[in-house]
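One structure is given here, and the rest of the page talks about it.
Any read-out appearing in this document is the output of simple, stated calculations on the displayed coordinates, not a laboratory observation. In this text the structure is predicted, and so the values were computed from the model without any measurement. Quick reminder, even Gly has a Cβ in these numbers, built from the backbone with ideal geometry, and neighbours come from all protein chains shown.
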Amino acid sequence: MKNSPETYQIDNLDRAILQTLMQDARRPYSEIAKQQQVSPATVHVRVEKMRNAGIIAGTALTVNAKRLGYDVCCFIGITLRHAGDYPRAIAKLEALEEVIEAYYTTGPYNVFIKIMTPSIDDLQHVLIHRIQAIDEVQSTETLISLQQPIQRSIQP
């Protein structure tokens, strides 16, 4: 039976394991165990319990977008024509490879997205011909990111 997040409470050992894996998801359990003075089996069991509880939701590879030629990062606030347009708009935005994050929000926008493109020209094309061309989109506001000075995950 899987633990739910409500039934599994993390302790200091779980926090230490999470912090170590967040820094390097490929770190062997044996190294973590030695560092925490427990057995590798204990680390394995703890990780599996946190997976089953939904605390650990997979492992990810971090890709440097700039090294792949994606030099422009921007955020676009989208106002939809009607509230009921949300599911169709999200489906169409999801089909655009440049859209890397999307949020359903309160405030002046219905949807807030993050996109990456190789250049300003590419951004202009995506914005005009792909995002603003979506029937459900009433208007957009674009904010170009100049720098990302902080990037981190939530600490356990």
> Quick one: in region 122-135, which of the residues that are in a loop (DSSP other than H, G, I, E, B) and not hydrophobic (A, V, I, L, M, F, W, C) is nearest to residue 102 (Cα to Cα)?
Replying inline: 132
> For region 37-70, which residues satisfy the criterion of being touching a residue at least 40 places away in the same chain (Cβ under 8 Å) and surrounded by 14 or more Cβ atoms within 10 Å (Cβ to Cβ)?
Replying inline: 49, 50, 52, 53, 55, 65, 70
>> Among the numbered criteria (1) among the hydroxyl-bearing types (Ser, Thr, Tyr); (2) loosely packed, with under 11 Cβ neighbours inside 10 Å; (3) more than 30 Å from residue 17 (Cα to Cα), which one does residue 109 miss?
In response: (2)
> What number of residues within region 136-156 are outside any loop (DSSP other than H, G, I, E, B) and closer than 16 Å to residue 65 by Cβ?
Replying inline: 2
